1. I'd like to know if the range 66-77 contains one or more residues that are over 21 Å from Leu115 (Cα atoms) and in contact (Cβ under 8 Å) with a residue 40 or more places away in the chain.
2. Of everything in the range 154-198, what is small (Gly, Ala, Ser), buried (at least 16 other Cβ atoms within 10 Å of the Cβ) and under 16 Å from Ile238 (Cα atoms)? Give them in sequence order.
3. Have a look at Ala80, Ala55 and point out the one that is more than 30 Å from Asn137 (Cβ to Cβ), of a type in the set (Gly, Ala, Ser) and over 33 Å from the mean Cα position of the chain (by Cα).
4. Just checking, how many residues over the range 124-149 are surrounded by 12 or more Cβ atoms within 10 Å (Cβ to Cβ) and either assigned to a loop (DSSP other than H, G, I, E, B) or among the basic types (Lys, Arg) (or both)?
5. Could you say whether any residue in the range 141-162 is of a type in the set (Asp, Glu) and modelled with pLDDT of 90 or more?
6. Do we find that Ser203 is farther than 30 Å from Ala107 by Cα, surrounded by 15 or more Cβ atoms within 10 Å (Cβ to Cβ) and of a type in the set (Ser, Thr, Tyr) in this structure?
7. In the range 205-257, what count of residues is obtained for those that are at pLDDT below 90 and of a type in the set (Asp, Glu)?
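The values are calculated or read from the model by the stated rules, or taken from the named source; none is laboratory data. Since this is a predicted model, take the numbers as computed values, not measurements. Here the Cβ is made from the backbone with ideal geometry for all residues, glycine too, and neighbour counts use every protein chain on show.
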Amino acid sequence: MSEKALFADGEIVVHGARQNNLKGIDIRIPKKRTTVFVGLSGAGKSSLVFDTIAAQSRRELNETFPSFTQQYLPKYGQPAVSSIDHLPVAIVIEQKKIGQNARSTVATYTGIYSLLRLLFSRVGQPFIGYSDTFSFNMPQGMCKTCQGLGYVDEIDEAALVDKNKSLNQGAITFVSFGVNTWRWRRYADSGLFDNDKPLKDYSPKEWQLLMYAPQQQLHDAPPAWHKTALYEGIIPRIRRSILHKAEAKHHRARLLK
């Protein structure tokens with residue numbers, strides 16, 4: 001349906017709404033505007049918006065599908081209303097507190113995103129995969145760089161280390177990586193570095209290994225190294241264990257550029 005057709009006759013016109021506690025309400029609601037219904041509890045706001053207007057919109061939408069499809073759709077009764085004219089499709093959002101989740105959007109919260117994924121996976125040509133392929137919250141569909149969040153955090157090296165110090169002197173300045181902590185021991189006990197050597201004297205290879213090395217097993221590890229432990233550079237370790245978890249909000253301002 002074109003935008004011109006959708007917004008033809010610029011008002012939703014309700015005549016004789018009698019659903020629940022409504023008493024023959026007549027109302028005109030402008031389209032392409034934000035309209036807010038306010039009033040005391042029991043005044044009839046939900047009866048008008050959800051049980052009358054939205055219910056009729058859903059009934060009319062369901063009637064556009066073939067009979068076979070209709071048997072699988074939710075059933076909506078005829079609301080007690082004389083008429084509703086110029087009614088567009090209604091999207092009803094459940095009234096509940098929105099969770100603080102970085103992966104939630106208007107589309108995921110309303111359920112539109114799931115419908116769009118199904119549409120693209122079933123109708124799109126050429127076929128490239130099922131609905132998970134179109135989800136930024138699933139490994140099959142998410143961007144490998146931003147992990148589906150839509151942004152990339154760039155960590156400030158200066159907030160993590162003091163290059164004038166050695167590992168034994170506390171060169172890793174970020175909280176929870178202090179000397180003798182278990183996270184500090186992943187580097188000090190790895191046998192990969194001279195623990196008394198200032199970081200400013202590290203070779204490019206040593207610096208890369210300390211800061212950016214991907215998770216890996218150590219070969220010929222020293223006796224102090226735990227047999228099942230994996231080595232990982234400071235920055236990928238912080239991304240995985242801190243920034244991508246709940247505690248990120250406590251450290252984000254300090255870590256990011």
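1. Looking only at the range 66-77, we keep the residues that are over 21 Å from Leu115 (Cα atoms), and these are 77.
Of the ones still in play, those that are also in contact (Cβ under 8 Å) with a residue 40 or more places away in the chain are none.
No, the range 66-77 contains no residue that is over 21 Å from Leu115 (Cα atoms) and in contact (Cβ under 8 Å) with a residue 40 or more places away in the chain.
2. Passing the criteria: only Ala171.
3. Exactly one of Ala80, Ala55 is more than 30 Å from Asn137 (Cβ to Cβ), of a type in the set (Gly, Ala, Ser) and over 33 Å from the mean Cα position of the chain (by Cα), namely Ala80.
4. As a first pass, look at the range 124-149 and keep what is surrounded by 12 or more Cβ atoms within 10 Å (Cβ to Cβ): 124, 129-138, 141-142, 146-149.
Right, trim to either assigned to a loop (DSSP other than H, G, I, E, B) or among the basic types (Lys, Arg) (or both) and you get 124, 129-130, 135-138, 141-142, 146-149.
Of the residues in the range 124-149, 13 are surrounded by 12 or more Cβ atoms within 10 Å (Cβ to Cβ) and either assigned to a loop (DSSP other than H, G, I, E, B) or among the basic types (Lys, Arg) (or both).
5. From the range 141-162, those of a type in the set (Asp, Glu) are 153-154, 156-157, 162; that's our starting set.
Now drop any that are not modelled with pLDDT of 90 or more, which leaves 162.
Yes; the residues of the range 141-162 include at least one that is of a type in the set (Asp, Glu) and modelled with pLDDT of 90 or more.
6. Numbers: farther than 30 Å from Ala107 by Cα: yes; surrounded by 15 or more Cβ atoms within 10 Å (Cβ to Cβ): no; of a type in the set (Ser, Thr, Tyr): yes.
Spelling it out, it is not the case that Ser203 is farther than 30 Å from Ala107 by Cα, surrounded by 15 or more Cβ atoms within 10 Å (Cβ to Cβ) and of a type in the set (Ser, Thr, Tyr).
7. Here the count works out to 2.
Quick grid of which residues meet (1) in a strand (DSSP E or B); (2) surrounded by 11 or more Cβ atoms within 10 Å (Cβ to Cβ):
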residue	(1), (2)
Val13	yes, yes
Asn20	no, yes
Lys23	no, no
Gly39	no, no
Gly42	no, no
Leu48	no, yes
Thr52	no, yes
Leu61	no, yes
Thr64	no, no
